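One structure is given here, and the rest of the page talks about it.
Read-outs throughout are calculated quantities, based only on the coordinates presented, and are distinct from any laboratory measurement. The shown structure was predicted, so the numbers you read here are calculated from the model rather than taken from an experiment. With ideal geometry, Cβ positions are generated from the backbone for all residues, glycine too; neighbour counts draw on all protein chains shown.
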Amino acid sequence: MEALQEEKRPAGAIRGFAALLLALGATTLMNGSIFPQFDAIFMFARDISVTCSAVTLLGLGLAAYRMPHMLRHRALVGAAAGCLVVGGAVLAAGLALASPAALVAGASIVAAGRAVATVTTALFVARLTSHQAAVVIAAAYTLQLAASPVAGAVSPAVATVLFLAFPLAALALTARDAGFFFDAACHRPSPSDLSVTRPASFLAPFSALFGCLFLFQVAFGFALRFDEVAGAPRTSLFSAVPLALVALYVVFSRRRFPADGVVQLSALVVMAGFLLSTQPLLAADGPAADVALLNAGNGLFSMAAQMALVAIAARNPLGAITTVAWGNGVSALGSLVGAAAGMIANGATAGNPLLRAAIPAVLLLVFAAYVMVGLKRFTFAGAIDGIEPVTADPTASEAAQTPEEAFAARCETVAAEYALTPREAEVFAMLARGRDRSYIEEALVVSRNTVKAHVKHVYAKLGIHSHQELIDLVEG
């Protein structure tokens, strides 16, 4: 994996930090300064642009999963830069002329370009060493949150220029090195095909990790819009304190990034924020305290989620684009759903002040239930470690492969030799790894009878009668 982590020099970490901070800074300016300008012209423009960003990310992730050979790196980067330049000009015209049509068109085009810049930035960070990546992510998210209160004070014209320039700069800093992952994916079978015989090496599009990202972002999207002031989210400098503590730990401990510990801290902080929003008199400065906690929880979780996506991308370069794009895409969708709920809640509380406390209380209950039940068996560390490493070099010899890679390659060879269907090959690979029928039933989400039928077909095609014969066939 030396080719993957060639950016071990400090200069690579500095470049990754600058790119990630620029990408995050664009998001901060968007929420604090750009979107409030949209509301005076066409309030739904912000939702449409976020939807375009989510669709672009999900589409990119799906294309990388099914047809990676169609993703030409230079063409994609060129298109993204063009979207930022052309869309930026249309967006600026829409703001200057107060034109809803130009505003929506420009914002949507820019959103597509920003989505690609987000992916290339994450892929660049994935090429750093694990410690460098952890430091870069922790420091960038801390500074982003610390600077959030300043976003609303920037003049609209300056904010618009910076909002367009930041993702362009991030794209310029990371595009070349991100090409490593596009080149690796283009010269190998698609992840959807490889995952048939190597399910443990690829995240399925609807894995538990992506579900976790979506549901957490729903809560944070709600916090972003609920009780907002003049179309801008409330901010507090104190939100960055928990993130700064995590960043200091990461920098000086040199231990593995404590993703699950950060997620647990995030959940605790978010629940405390919802509690204070229902009972503001519990805090010395209720409104400032609840938003500080909610924003801190958002930052902590986003930090851990980004680290998980980057770590998984580093372990499996062939599925890196899908992992990063899909993860950011479902996060954007979650924020969109949460923001819509926040807007509905704002309208409801305007007519009934009692709902000002009741709605956050219900969300607190739902969020706590999800953390206690939904995350009971899920861990970020488990999701990362569960990904079996894959080499990105299509010319690597079997001797240079890890034992797991060699075993998986042998399973692929046997499956092709005996003309197993994709599903049969998947079942065959699990059986070869010693998985029992209950495991296969749960992993494939199929009935017991369906598993029995697949196993029967596999045995018949291979001409064997026992599990030991199957193992002997693979090892032979």
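How are the alpha carbon pair distances in the range 288-388 distributed across 10 Å bins from zero to the largest one, expressed in percent?
For the range 288-388, the binned pair fractions read 12, 34, 32, 16, 5, 0 percent.
Report the extension gain between Ala153 and Gln468 in nm, rounded to one decimal, defined as 0.36 nm multiplied by the number of residues separating them, less their alpha carbon distance.
Length gained, Ala153 through Gln468: 106.4 nm.
How much mean residue ellipticity at 222 nm does the chain get from its helices, if each DSSP H run of length 4 or more adds -39500 (n - 2.57) and you divide by all residues, to the nearest 500 deg cm²/dmol?
Numbers: 20 runs with 352 residues, N = 476.
When only DSSP H runs of four or more count, the value is -25000 deg cm²/dmol.
Kindly put Leu333, Leu364 in sequence by how many other C-beta atoms sit within 10 Å of each C-beta, fewest to most.
Working: Leu333 23, Leu364 19.
Fewest-to-most ranking of Leu333, Leu364: Leu364, Leu333.
Take the alpha-carbon positions of the range 17-116, form their convex hull, and give its projected area averaged over all directions (one quarter of the hull surface) in nm². Walk me through the numbers before you get to the answer.
Details: hull surface 26.4 nm².
Approximately 6.6 nm², given one-decimal rounding.
Of Ile387, Gly434, Ala117, which is farthest on the positive side of the dipole of the chain, counting Cα position, with +1 on Lys and Arg Cβ, -1 on Asp and Glu Cβ, and the Cα centre as origin?
Of the options given, the answer is Ala117.
Which order do Phe180, Phe238 fall in if you start with the one that has the fewest other Cβ atoms within 10 Å?
Result, fewest neighbours first: Phe238, Phe180.
How far apart, in nm, are two points set 7 Å out from the Cα along the Cα-to-Cβ line at Ile344 and at Asp47?
1.0
Give me the one-decimal Kirkwood hydrodynamic radius in Å for the range 163-211, with the sum taken over alpha-carbon pairs. Before the final figure, lay out the partial values.
Numbers: mean 1/r = 0.0746 Å⁻¹.
13.4 Å is the Kirkwood radius here.
Roughly how big is the chain's charge dipole about its Cα centre, with Cβ charges of +1 (Lys, Arg) and -1 (Asp, Glu), in debye to the nearest 20?
Numbers: 30 positive and 29 negative charges, 83 e Å.
Roughly 400 debye, rounded to the nearest 20.
Which one of Leu365, Gln264, Leu309 is farthest out on the positive end of the charge dipole of the range 10-385, using unit charges on Cβ (Lys, Arg +1; Asp, Glu -1) and the Cα centre as origin?
After comparing all options, I get Leu309.
With a 10 Å Cβ neighbour count serving as the proxy for reagent exposure, in which order, fewest first, do Lys461, Lys452 appear? Each step should come with its number before you reach the end.
Details: Lys461 16, Lys452 13.
If I rank by nearby Cβ atoms, fewest first, I get Lys452, Lys461.
Using only the alpha carbons, work out the radius of gyration and Dmax of the range 398-475 in angstrom.
In order Rg, Dmax, the Cα atoms of the range 398-475 give 12.3, 40 Å.
Any chance you could give the angle, 0 to 90 degrees and rounded to 10, that helix 73-97 forms with the longest Cα principal axis of the chain?
Here the helix axis deviates by roughly 20 degrees.
Please report, to one decimal in angstroms, the Kirkwood hydrodynamic radius of the range 133-199 built from all distinct Cα-Cα pairs. Before the final figure, lay out the partial values.
On the way: mean 1/r = 0.0639 Å⁻¹.
This gives a value of 15.6 Å.
Against the longest alpha carbon principal axis of the chain, how many degrees, from 0 to 90 and to the nearest 10, is the axis of helix 355-369 turned?
Rounded to the nearest ten degrees, it is 20.
In the chain, with Lys and Arg counted as +1 and Asp and Glu as -1 at Cβ, which of these residues, Pro100, Ser148, Val458, has the Cα nearest the positive end of the dipole, that is, farthest along it?
Value: Pro100.
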